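All remarks here apply to the structure that follows.
The values are calculated or read from the model by the stated rules, or taken from the named source; none is laboratory data. Treat the numbers as computed from the prediction; the structure is a model and nothing was measured. As a convention, Cβ positions derive from the backbone with ideal geometry for all residues, glycine included, and neighbour counts pool all protein chains shown.
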4 protein chains.
Amino acid sequence: MPFPAPLTGVVPPVCTPLTPEHEVDVPSLLRLVDHLVAGGVHGLFVLGSSGEAAFLPDRQRRLVVETVVSHVAGQLPVLAGAIDMTTARVLDHVREVTAAGARAVVVTAPFYTRTHPAEIARHYRRVAAGSPVPVLAYDIPTAVHTKLPADVVLDLAADGVLAGLKDSSGDLAGFRTVVSGVRARPDLTGFSVLTGSEVIVDAAMAVGADGSVPGLANVDPEGYVRLDRLCRTGDRDAARAEQERLCALFGMVGVGDPARMGGNSSALGAFKAALHLRGIIDCPVTAEPQVPLSPEEVERVGKLMAAAGLS
Amino acid sequence: MPFPAPLTGVVPPVCTPLTPEHEVDVPSLLRLVDHLVAGGVHGLFVLGSSGEAAFLPDRQRRLVVETVVSHVAGQLPVLAGAIDMTTARVLDHVREVTAAGARAVVVTAPFYTRTHPAEIARHYRRVAAGSPVPVLAYDIPTAVHTKLPADVVLDLAADGVLAGLKDSSGDLAGFRTVVSGVRARPDLTGFSVLTGSEVIVDAAMAVGADGSVPGLANVDPEGYVRLDRLCRTGDRDAARAEQERLCALFGMVGVGDPARMGGNSSALGAFKAALHLRGIIDCPVTAEPQVPLSPEEVERVGKLMAAAGLS
Amino acid sequence: MPFPAPLTGVVPPVCTPLTPEHEVDVPSLLRLVDHLVAGGVHGLFVLGSSGEAAFLPDRQRRLVVETVVSHVAGQLPVLAGAIDMTTARVLDHVREVTAAGARAVVVTAPFYTRTHPAEIARHYRRVAAGSPVPVLAYDIPTAVHTKLPADVVLDLAADGVLAGLKDSSGDLAGFRTVVSGVRARPDLTGFSVLTGSEVIVDAAMAVGADGSVPGLANVDPEGYVRLDRLCRTGDRDAARAEQERLCALFGMVGVGDPARMGGNSSALGAFKAALHLRGIIDCPVTAEPQVPLSPEEVERVGKLMAAAGLS
Amino acid sequence: MPFPAPLTGVVPPVCTPLTPEHEVDVPSLLRLVDHLVAGGVHGLFVLGSSGEAAFLPDRQRRLVVETVVSHVAGQLPVLAGAIDMTTARVLDHVREVTAAGARAVVVTAPFYTRTHPAEIARHYRRVAAGSPVPVLAYDIPTAVHTKLPADVVLDLAADGVLAGLKDSSGDLAGFRTVVSGVRARPDLTGFSVLTGSEVIVDAAMAVGADGSVPGLANVDPEGYVRLDRLCRTGDRDAARAEQERLCALFGMVGVGDPARMGGNSSALGAFKAALHLRGIIDCPVTAEPQVPLSPEEVERVGKLMAAAGLS
């Protein structure tokens, strides 16, 4: 089965449940995948930011891909992040995750090193040349500290280097430039434009996105699947209402006290706390050096879930 | 032989020569180490930014450490970078480089993930707890996108977590705060404060640095050793003259056309071009996705070397 | 007539035509106002970024407000920017522009000085206390280098300090947080939430914006008025088509060669070139130190206008 | 008497004492000037960042210049900041401050507007063409959000546009590039290179600075004058000891609680609290919207003064 071109629908960036000893909790991961599949999602993206890829050692990354790929057994496309600083290191991850069965890879611009647009393009060209599966660009300036320029993405799409874009930049204007550029070219009908911004999925779909990659879909896959369907059927008012319910639920990413922890600890801590409260994963621990949520902060997660109608 | 406390003198961040096929060029690396040892340097730092650590796959990183450690055979302390995004990944590198014989590790704050000072401290505590050798903090905001706060460094020094600081921030005021904080505490006499800024080594030594980690010392180790000695003997005017000669030579980092490449391509390309022109390494290639210098740009490197009295 | 609460519709940030000698070109300004009024706009915002407020000396600022206010003679609400670094300086501008007849003022967070959220709140409280007319917050991080936090805006709205928000941040997620926060409170029905992002007006309206403040509406007011109407009547597909036409036209902001000028020179130069080509203003000059467009760049503006159906 | 070329020595950026009603406190300002002159300073810089220029309305700025110029009556050169966003606005300030007797003006790159190096150069050329007195560039990236490129400064110096540089960037490497570039050209012997970094004056002098513009010299002018003299006589160890005493005193800028205020409120609040504790100014209030120090924070200022030997 070829990789969907374009990939559409809801493709959650799958969280990586950990044991108290910080090992991958395989049974919890399987339950999480079952929960997402039962929720009706259209694909799975492992080893993204919500999957704590930046925190997982290589052997844990491999275990995650193998576990998820073998469990879904081809029912759904599985994409994997190949997150590392530069070209050769990324290619090592590409080899690992595709050997483990990933059907596409998601790759950022180089980071840590200072980066020029010409170097970003060169990076993607080299990675795509060495990848046996399609390469999607991952635009996440909060992590990478550069914004992927729309013209670079469109040039690489036109040259067949990139198969899609996962945009977590929050910049809907730039996203629209890519969507419009792609839609204007008949040869790019297979290019996937996906938003990673949880709270503007309706807006991204309205400007022409193919689908979404919302971290919060770990917690509420049914909600995002419903939202996706409402966007496709053109029921914009119902879509907006569903999106606003999810926006309120997304408030959980801010429960962590900013005097005590950073945004990653708070957001990933909240997603995992919610999955734990829903009984899907056994342990809400996040990877080091993230700071855990306090019991009061977890309680606030629970209240936001109740307010959004989640048990 | 214990690791020097403090580490003093000139500790070049050793470049990693590559073959045209982008493999580690071991004979060239050995010649480079010989050149540095003959130049009188006081230690070697492998897998730093000048060593292109961010670009090297794990097997190449391991080969670099093994090659250098076995070649110097204990004559000089060898420090190794353990450069990765977060705690568990860094600890994997710590295990690798210490197994290969590194006598200390150099570790940045977490990157890619958004980071809070509490998470930076937690990171260093976990890394130090898992490291068999001393841990030096590496402050390099251009790569990591956070500045290591002086108070965090001093707290971690006081708790025995950090054995030293390599400061590549360019912020002499912050550097001085750490130096003064260390000098004020009798229990921290072994803490090493090293500057990574090539062009203000004289100033850093004057405010109390223990030594320097200048990338340009790959090209001109004798110059930096001379500068170090002049600083120690208090011959400030001669030190300044030597530093200014090295500043002019350092102009090579800007030879690359900014319309065509970023700062890393230009600076590392220049260092390698200079080493190639001096006959020390066989091939000036830099790792992907860096853009190579043009022949005209290499010629400008040669002119700067000639002007600085290097053959 | 009280100031509309909320202010709705299209409120162009009026350009400030200049003579070749860099004086305010009053006849051109009057023609521009007539063009906007004839285009059906719902208000006018003078001395915003598109109005080059940051470039105009005080006497020119005053002349702009007086000219526009007396010309529209109460037909439309006229808002004026009071753009300066800190509280007392802003209050001086508030006095000037309200004496000249402005019906509301638009005020950024403090800039030049480093700013804390507590200081931003204090700033708006002091400004509102000294202003005889409603105060709208102007969120423009590219200029001010801080993002107005949604919770600060909502707190100040709840306290009656702010009457509205003009959001030029490009961050639709943050914009939505303000919209939702305002809609959730019955006492804030009069608070105006306006987007300043030309290319996502349809999306901003769909998430609940009251109106838009698009610089490009200087060039094509009819287009933005049509878009506004289509958004209100719920004809989303026609709205999107109109918005996409305007997005293509907005491409003009990028005509300036980035090797020769910055983004302001290019964008404001393009707006003024377009107004000149349409025969509305006599001279396309922008204020110093902006770099003028070349004839070829102006020609590209003309082609984009023709492609968008503008004469 | 011509303006000194170069200007050398200690040139404090004079604080602006305010009354409880936020008016300029002229008697306190006169006492402060007397205190600085008695301390042996070599010039006075009014309306800089320490002078709260960004906070003062135009009439207060004028009063400050007039007061200080008439009081020093030519004994010392008085420089004035002409701090505003863009060219025409800066030129208005240049006219005001030179009419009031300023002997040179200090001007930043444009801010608020996005700025290209070509626009920065154009700005300085226009300002210098319109200024009856020498123009010094003010490099303060924390305020202006661009770093003045060394090559732009050197080009403008060579063309006679700039008479000097006040560098508050903290980047000693960049500062050194300007110093070396100036020293290499016989025609630029009159160009003044001044550091605005309180804690590395000794280092800046050692790399060749002509003098310093330290905000802390308001509090301890004798200390900075002593430091300047020790640097000139080459007594580097005594200079370093004096500098380290001043560094400890400078710790006062951090007394303000970062949960309650920003860095400006803390630093300027501390300088004014110290001047108040020394009996030089009547009231320590800072301009709006700065947050005042608490009594405990003021007490910490007093302790740092006592530790530094100030009454």
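For this structure, a couple of remarks:
Listed here are the residues, each with its yes/no results for (1) modelled with pLDDT of 95 or more; (2) not small (Gly, Ala, Ser).
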{"site": "C:THR146", "(1), (2)": "yes, yes"}
{"site": "C:ALA150", "(1), (2)": "yes, no"}
{"site": "C:ARG185", "(1), (2)": "no, yes"}
{"site": "C:GLY211", "(1), (2)": "yes, no"}
{"site": "C:CYS231", "(1), (2)": "yes, yes"}
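- Checklist (1) buried (at least 22 other Cβ atoms within 10 Å of the Cβ); (2) in contact (Cβ under 8 Å) with a residue 60 or more places away in the chain; (3) more than 14 Å from chain C (Cβ to nearest Cβ); (4) in contact with a strand residue (DSSP E or B) (Cβ under 8 Å, 6 or more places away or on another chain) applied to D:ALA209, failing item: (2)
- Flag for C:ARG59 being away from chain D (no Cβ under 14 Å), of a type in the set (D, E, K, R) and surrounded by fewer than 24 Cβ atoms within 10 Å (Cβ to Cβ): no
- Top-ranked residue in segment B:290-311 [being polar (S, T, N, Q) and more than 12 Å from every other protein chain (Cβ to nearest Cβ); ranked as nearest to B:VAL33 (Cα to Cα)]: B:SER311
To keep it simple, each residue is scored yes or no on (1) surrounded by 21 or more Cβ atoms within 10 Å (Cβ to Cβ); (2) over 23 Å from B:GLY196 (Cβ atoms); (3) within 21 Å of the chain's Cα centre (by Cα).
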{"residue": "B:GLU222", "(1), (2), (3)": "no, no, yes"}
{"residue": "B:ARG236", "(1), (2), (3)": "no, no, no"}
{"residue": "B:ARG245", "(1), (2), (3)": "no, no, yes"}
{"residue": "B:ALA287", "(1), (2), (3)": "yes, no, yes"}
{"residue": "B:GLU296", "(1), (2), (3)": "no, yes, no"}
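- Selected residue [more than 12 Å from chain B (Cβ to nearest Cβ) and out of contact with any strand residue (DSSP E or B) (no Cβ under 6 Å at 6 or more places or on another chain)] from A:ALA121, A:ALA104, A:ALA157, A:ALA204: A:ALA157
- Residue check, A:ALA273 touching a residue at least 24 places away in the same chain (Cβ under 8 Å), touching an Asp or Glu at 6+ places or on another chain (Cβ under 7 Å) and more than 30 Å from A:THR8 (Cβ to Cβ): no
- Against the conditions (1) crowded, with 18+ Cβ neighbours inside 10 Å; (2) more than 17 Å from the chain's Cα centre (by Cα); (3) of a type in the set (A, V, I, L, M), B:VAL11 satisfies every one except (2).
- Test for D:GLY234: is it of a type outside the set (S, T, N, Q) and farther than 22 Å from D:PHE45 by Cβ: yes
- Unmet requirement for A:LYS166, which otherwise passes all of (1) within 26 Å of A:ASP235 (Cβ to Cβ); (2) charged (D, E, K, R); (3) within 14 Å of chain C (Cβ to nearest Cβ): (3)
- Verdict on D:VAL46 being over 16 Å from the mean Cα position of the chain (by Cα), touching a residue at least 24 places away in the same chain (Cβ under 8 Å) and surrounded by 24 or more Cβ atoms within 10 Å (Cβ to Cβ): no
- Failed item, numbered, when B:ALA54 is tested on (1) more than 8 Å from chain A (Cβ to nearest Cβ); (2) in contact (Cβ under 8 Å) with a residue 40 or more places away in the chain; (3) in contact with a Lys or Arg (Cβ under 9 Å, 6 or more places away or on another chain); (4) not acidic (Asp, Glu): (1)
- Search result, residues across segment C:88-101 that are away from every other protein chain (no Cβ under 14 Å), surrounded by fewer than 24 Cβ atoms within 10 Å (Cβ to Cβ) and part of a helix (DSSP H, G or I): C:THR98, C:ALA99
- For segment D:1-46, a residue qualifies if it is among the hydrophobic types (A, V, I, L, M, F, W, C), under 23 Å from D:ASP228 (Cα atoms) and part of a loop (DSSP other than H, G, I, E, B), and the qualifying residues are D:PHE3, D:ALA5, D:LEU7, D:VAL11, D:VAL14, D:CYS15, D:VAL41.
- Residue tally, condition buried (at least 18 other Cβ atoms within 10 Å of the Cβ) and either under 14 Å from C:ALA88 (Cα atoms) or touching a Ser or Thr at 6+ places or on another chain (Cβ under 6 Å) (or both), over segment D:20-35: 4
- Qualifying residue in segment A:229-240 (condition: among the hydroxyl-bearing types (Ser, Thr, Tyr), free of Cβ contacts under 8 Å to residues at least 24 places away in the same chain and within 30 Å of A:SER180 (Cβ to Cβ)): yes
- Criterion (touching a residue at least 12 places away in the same chain (Cβ under 8 Å), closer than 23 Å to D:GLY309 by Cα and either in a helix (DSSP H, G or I) or away from chain B (no Cβ under 14 Å) (or both)) met by exactly one of D:VAL193, D:VAL199: D:VAL199
- Residue-level analysis places C:VAL127 outside the set of residues that are surrounded by fewer than 20 Cβ atoms within 10 Å (Cβ to Cβ) and either more than 9 Å from every other protein chain (Cβ to nearest Cβ) or over 17 Å from the mean Cα position of the chain (by Cα) (or both).
- When A:ALA274, A:ALA259, A:ALA287 are checked against the criterion of being touching a strand residue (DSSP E or B) at 6+ places or on another chain (Cβ under 8 Å) and either within 14 Å of chain B (Cβ to nearest Cβ) or assigned to a helix (DSSP H, G or I) (or both), A:ALA287 stands alone in meeting it.
- Matching residues in segment C:70-87 - criterion: being more than 13 Å from every other protein chain (Cβ to nearest Cβ), hydrophobic (A, V, I, L, M, F, W, C) and under 16 Å from the mean Cα position of the chain (by Cα): C:LEU76, C:VAL78, C:LEU79, C:ALA80
- Of all residue pairs spaced 6 or more apart or on separate chains, those with beta-carbon atoms under 9 Å, a first member in segment D:119-130 that is within 15 Å of C:ARG260 (Cβ to Cβ) and a second member that is acidic (Asp, Glu) and part of a helix (DSSP H, G or I) are D:ALA121/D:ASP155.
- Checked against the criterion of being within 14 Å of chain D (Cβ to nearest Cβ), in contact with a strand residue (DSSP E or B) (Cβ under 7 Å, 6 or more places away or on another chain) and not charged (D, E, K, R), segment C:171-190 contains not a single residue that satisfies it.
- Filtered residue count, segment A:107-118, keeping only those that are among the small types (Gly, Ala, Ser) and within 8 Å of chain B (Cβ to nearest Cβ): 1
- All positions within segment D:65-104 that are of a type in the set (D, E, K, R) and under 23 Å from D:MET1 (Cβ atoms): D:GLU66, D:ARG95, D:GLU96, D:ARG103
- Residues satisfying the stated conditions in segment D:247-262, i.e. surrounded by fewer than 17 Cβ atoms within 10 Å (Cβ to Cβ) and in contact (Cβ under 8 Å) with a residue 60 or more places away in the chain: D:ALA248
- Matching entry among B:TYR138, B:TYR112 (being among the hydroxyl-bearing types (Ser, Thr, Tyr), in a loop (DSSP other than H, G, I, E, B) and at pLDDT 95 or above): B:TYR112
- Among the residues of segment B:59-102, those that are touching a residue at least 12 places away in the same chain (Cβ under 8 Å) and of a type in the set (Asp, Glu) comprise B:GLU66, B:GLU96.
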